[in-house]
Amino acid sequence: MGLPDAPGDLSSEVDVDAFRHLFPLRFYERHLTESIRPDGRPLGRARDTTIALGAVTSAEGSALAKIGSTTMLAAIKMEVMTPSMDSPDEGCIAIDFHMPPICSPIVRPGRPAEIAPVVSKQLSDTISSSGMINLKELSLVSGKAAWMAYLDIYCLDADGALFDAALLSAVAAFSHLQIPAVSLNDDGKIVVVSEENGGKLEKDAVNKERMKLTLKSIPFSLTCVLHKNYILADPTAEEESIMETVVTVVLDSSSQLVSLYKPGGPVLAYTSAIQDCVALTRQRMKDLQKILDEANSGMEVD
Amino acid sequence: MEFVSPEGLRLDGRRPMEMRQIRAEIGAVAKADGSAVFEMGNTKVIAAVYGPREVQNRTQQINDQALVRCEYSMANFSTGDRMRKPKGDRRSTEISLVIRQTMEACILTHLMPRSQIDIFVQVLQADGGTRSACINAATLALADAGIPMRDLVTSCSSGYLNSTPLLDLNYVEDSAGGPDVTVGFLPKVDKVTLLQMDSKLPIDIFENVMQLAIEGCKAIANYIREIMLENTKQLEYRRGI
């Protein structure tokens, strides 16, 4: 196959890998005209996604989510704290997203990835605005004690669509979370109930057995890149770096729009492009819902 | 407190000379040049190697050998109580230095002048012996990255509680206040590269405890060789050889 008209300084046979590195945009465009991508996916298809619950045994809730090669490990640890004055019967959630240097060659010690705090903020905003968690369920004794849930998400491999994988792992970790049973002891302190003295739970309005949170309206997201009039769903890191316009759409399980994020980029999107992204997200949401349900029912069997 | 019962069983049911179950996996991080996950009982660490690549800080470049850097960090959820400061604290800095010097002694750095090799280790679950698990994971990751080494480096810890030498301490045994000996060993050339001990121990007992750790290292070396052989067979198979 001949090459497109380069300024005459290339021999007619260039190694595919060399071409991919020297002229990345042309390499991709040759695939896009055939409606396919270098890894064989059609433009609207996301990579294989898996969720494994309970990956970290020392945490109260945890999940490992993989979208293609992108891997996120989320774990929740619970601590008891005093609630604030203006919301005495609500608990609190703290979300932190980390990109350790193992995940990507561009992250190095002393020079953290720029995108890490951005994804961290996006996650906090999305989870609080989706209303997935009812903070009142995290309350123990009104005005005196409530749960603080620390959600830490570690990126173990960064290959594009970081927000999607992080959100999926966060949601899966919350669905796996089992709040430990606690009781109020005589000094007015909250103690964790161990299996032996299960009988002595007199004076607590506190959860008597391990409890799971009720999650309503779970948010699911899909990131797409726009290039000319092509929309590529679930980009890899290579695709994100070449075609810089990224759009992230978050829908909840009742197909309501939770958040839309398009941080600039050379491509200006018409309304039709945004609507196409939303439609792709809706399709993706159904797939993710199924994967999450399967993972949850897999855990219940034990 | 009793760490070894009169029948000779430890708190987790092991015998004094029994190591925890080990499991290793090569190639966990697709983006890295070499990576590995190493589990010793409940301790689970992931190591990634990037290199040899261009030195990022020109002033640190060495003209006749490669620069080796290492960073050790623990995930916030890796320990029983959530950690506030997973890196940059003294312990992490010390362990980063120890791992770097151990691996540096083993890598044939003179073959890769003016370049940099980065070893990053992340502890996902900590239950004692994180230092050893990190060194073992780093060895596998370096092998996966194809970086030339003199020999494998394997590491194991041992201690002495209730007048019994114990192999491969877990967190409870480690925090009991008895001696904790960590050994880094090169199996082929039969040499010790890393030796750390804290607390007090009479010299003759120390020799026994150290010998026990060396036996543990040899066992781990056999396992690592099997894993690498299996990995190479898979690569051959995929290439159709």
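Regarding B:Ser73, is this residue buried (at least 21 other Cβ atoms within 10 Å of the Cβ), under 17 Å from the mean Cα position of the chain (by Cα) and not aliphatic (A, V, I, L, M)?
Numbers: buried (at least 21 other Cβ atoms within 10 Å of the Cβ): yes; under 17 Å from the mean Cα position of the chain (by Cα): yes; not aliphatic (A, V, I, L, M): yes.
Considered against the rule, which asks whether it is buried (at least 21 other Cβ atoms within 10 Å of the Cβ), under 17 Å from the mean Cα position of the chain (by Cα) and not aliphatic (A, V, I, L, M), B:Ser73 comes out as yes.
Every residue, every condition in (1) crowded, with 20+ Cβ neighbours inside 10 Å; (2) away from chain B (no Cβ under 14 Å); (3) among the hydrophobic types (A, V, I, L, M, F, W, C); (4) touching a helix residue (DSSP H, G or I) at 6+ places or on another chain (Cβ under 6 Å), yes or no:
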{"site": "A:Asp17", "(1), (2), (3), (4)": "no, yes, no, no"}
{"site": "A:His31", "(1), (2), (3), (4)": "no, yes, no, no"}
{"site": "A:Leu43", "(1), (2), (3), (4)": "no, yes, yes, no"}
{"site": "A:Asp86", "(1), (2), (3), (4)": "no, yes, no, no"}
{"site": "A:Ile95", "(1), (2), (3), (4)": "yes, no, yes, yes"}
{"site": "A:Pro101", "(1), (2), (3), (4)": "yes, no, no, no"}
{"site": "A:Val107", "(1), (2), (3), (4)": "yes, no, yes, yes"}
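Rundown of residues vs (1) within 11 Å of chain A (Cβ to nearest Cβ); (2) part of a strand (DSSP E or B); (3) closer than 17 Å to B:Cys156 by Cβ; (4) in contact with a Leu (Cβ under 7 Å, 6 or more places away or on another chain), yes/no style:
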position	(1), (2), (3), (4)
B:Glu18	no, no, yes, yes
B:Val29	yes, no, no, yes
B:Ser35	yes, yes, no, no
B:Tyr50	yes, yes, no, no
B:Gln56	yes, no, no, no
Considering only segment B:197-213, how many residues are under 19 Å from B:Glu18 (Cβ atoms) and touching an Asp or Glu at 6+ places or on another chain (Cβ under 9 Å)?
1
Which of the residues belonging to segment B:58-77 are assigned to a loop (DSSP other than H, G, I, E, B) and either more than 7 Å from chain A (Cβ to nearest Cβ) or touching a Pro at 6+ places or on another chain (Cβ under 7 Å) (or both)?
B:Gln61, B:Ile62, B:Asn63, B:Asp64, B:Gln65, B:Ala66, B:Ala75, B:Asn76
Is at least one residue of segment A:272-280 part of a loop (DSSP other than H, G, I, E, B) and surrounded by fewer than 13 Cβ atoms within 10 Å (Cβ to Cβ)?
no
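When you scan segment A:65-142 for strands (runs of 3 or more DSSP E) that lie fully inside it, which ones turn up with 3 or more residues that are in contact (Cβ under 8 Å) with a residue 12 or more places away in the chain and farther than 25 Å from B:Val123 by Cβ?
Correct list: A:139-141.
Give B:Asp144, B:Asp151, B:Asp81 a once-over and let me know the one that is more than 10 Å from chain A (Cβ to nearest Cβ) and closer than 25 Å to A:Met72 by Cβ.
Being more than 10 Å from chain A (Cβ to nearest Cβ) and closer than 25 Å to A:Met72 by Cβ holds for just one of B:Asp144, B:Asp151, B:Asp81, which is B:Asp144.
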Taking the criterion of being in a helix (DSSP H, G or I), within 14 Å of chain B (Cβ to nearest Cβ) and within 22 Å of A:Met99 (Cα to Cα), would at least one residue in segment A:156-167 satisfy it?
yes
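Since every read-out is calculated from the coordinates, none of them should be taken as a lab result. Since the model is a prediction, treat every value here as computed from it, not as a measurement. Note that each Cβ is placed from the backbone with ideal geometry, even for glycine, and that neighbours are counted across all protein chains shown.
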